[in-house]
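See below for the structure under consideration.
The values are calculated or read from the model by the stated rules, or taken from the named source; none is laboratory data. These numbers were taken from a predicted model, which means no experiment stands behind them. Glycine gets a Cβ as well: all are built from the backbone with ideal geometry, and neighbour counts include every protein chain shown. Accessible surface is based on the protein model in full, side chains and every heavy atom, while ligands, DNA and RNA are left aside. Shrake-Rupley method; radii C 1.70, N 1.55, O 1.52, S 1.80 Å.
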Amino acid sequence: SKTSSDTYSRPWATAIVFQTPSNTSNQHIWNSGEGASTGSDNIYLRITGSNGDCYFGWGRDGGYNEYKIGSFGGSYNQSTGQWWGIYISHDGTRLNAANATPANLVNAFDIRLMATNDVSPVFDTLYDVGNDVNNWTSSGFRMDRAVLGDFTIGGRGANRSFHGKVASMVVTTLVRGATKPTDAEIKLM
């Protein structure tokens, strides 16, 4: 909940392991924020409807800086037993609307995707999927206010429930100015 004017804005990281659902509704895998009202701040990981596109977002005022991580629709639904891991770290930078450009957003985040080939969630490969400015499908929304509200795993408050399975969730702060977690450390998360 640190703001852009706070010199103690901390870097953080999160990792979640989940199995995608066969349900085709819009769903939040996790959400930290206030809700859907105008002026609400939210940080989230969500899956869209029938195509199963997965987005990470952070923003306010009804629009969000959203990054398309990938598509988990079609053959990658719950019936296949496919497990995914998504790691997101943030360097602590808080951007106002004018500075929330795709280039600045790419620099502020490290987004990794892990996948399994069977029902055993053992991740052999860690894909760096967060370095494409073109994957910021929306940008220019402020992320410099304190994020109030609740942190929810498997939904966003009372709506947009996640219909898949969550095996684990890790949220941690990182040390400012220190080396980023290694690939081996990310896989442990």
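Would you check if there is a residue in segment 139-153 being within 17 Å of Phe72 (Cβ to Cβ), at pLDDT 90 or above and open to solvent by less than 60 Å² (accessible area, probe 1.4 Å)? No, because not a single residue in segment 139-153 is within 17 Å of Phe72 (Cβ to Cβ), at pLDDT 90 or above and open to solvent by less than 60 Å² (accessible area, probe 1.4 Å).
Of all the residues in segment 17-49, those that are surrounded by 21 or more Cβ atoms within 10 Å (Cβ to Cβ) and in a loop (DSSP other than H, G, I, E, B) number 2. Here Glu66 fulfils each of the conditions (1) touching an Asp or Glu at 6+ places or on another chain (Cβ under 9 Å); (2) of a type in the set (D, E, K, R); (3) at pLDDT 90 or above apart from (1).
Can you confirm whether Lys180 is surrounded by 12 or more Cβ atoms within 10 Å (Cβ to Cβ) and over 17 Å from the mean Cα position of the chain (by Cα)? Break it down into steps so the answer makes sense when it comes.
Working: surrounded by 12 or more Cβ atoms within 10 Å (Cβ to Cβ): yes; over 17 Å from the mean Cα position of the chain (by Cα): yes.
Considered against the rule, which asks whether it is surrounded by 12 or more Cβ atoms within 10 Å (Cβ to Cβ) and over 17 Å from the mean Cα position of the chain (by Cα), Lys180 comes out as yes.
Just one of Arg10, Arg60 is within 23 Å of Glu185 (Cβ to Cβ), modelled with pLDDT under 90 and open to solvent by 10 Å² or more (accessible area, probe 1.4 Å); which is it?
Values: Arg60 fails: within 23 Å of Glu185 (Cβ to Cβ).
From the options Arg10, Arg60, the qualifying one is Arg10.
Can you name the residue in segment 121-138 that is under 17 Å from the mean Cα position of the chain (by Cα) and among the charged types (D, E, K, R) and, of all such residues, is least open to solvent (accessible area, probe 1.4 Å)? Here the residue is Asp132.
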